[in-house]
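Student: One structure follows; several queries about it will come next.
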Amino acid sequence: MSAKIVGTLQSTLSKLNALQKPIVYNTKVAAEVAKQVYTKEGMSFPSGEQFAQAQQTVQKSLNMSAWKNLTVRDVAKGGVVAAELYTFFLIGEIVGRRNLIGYDVKPAVEHHEH
């Protein structure tokens, strides 16, 4: 029993070890591309002032008194936006599985009734 477990673990580790080189290579390539984009676009990290401004914006949006000032029109607009996002998600799912209804799953073994 333990030999079977050890064999399975060794097999799994050898598969993971084989994946290590491509993963490391692809990570280095992605980092290099990101570095080139960062440099070419003149990007920089946000300053402390920008962080503070973002924090204040988040705190204002989480303030419950702001929620009390919402009108029915604002809620309706939010509902329409949420419905649009959900629709785009559903369309993406349909495109991703290349089937309108469910996934096209083939049975592993066909069963025939006699």
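Student: Which is modelled with pLDDT under 90 and assigned to a helix (DSSP H, G or I), of T57, T87?
Tutor: Residue meeting the stated conditions: T57.
Student: Could you go through the range 26-49 and let me know if any residue there is in a loop (DSSP other than H, G, I, E, B) and surrounded by 10 or more Cβ atoms within 10 Å (Cβ to Cβ).
Tutor: Checked the range 26-49: at least one residue is in a loop (DSSP other than H, G, I, E, B) and surrounded by 10 or more Cβ atoms within 10 Å (Cβ to Cβ).
Student: Something else now. Look through A82, A52, A66 and report the one residue that is assigned to a helix (DSSP H, G or I), touching a helix residue (DSSP H, G or I) at 6+ places or on another chain (Cβ under 9 Å) and surrounded by 10 or more Cβ atoms within 10 Å (Cβ to Cβ).
Tutor: A66
Student: Could you please give the count of residues in the range 69-79 that are loosely packed, with under 10 Cβ neighbours inside 10 Å and not hydrophobic (A, V, I, L, M, F, W, C)?
Tutor: Within the range 69-79, residues that are loosely packed, with under 10 Cβ neighbours inside 10 Å and not hydrophobic (A, V, I, L, M, F, W, C) number 3.
The values are calculated or read from the model by the stated rules, or taken from the named source; none is laboratory data. Nothing here was measured: the structure is a model prediction, and the numbers come from that model. Every residue, glycine as well, gets a Cβ built from its backbone with ideal geometry; the counts of neighbours run over all protein chains shown.
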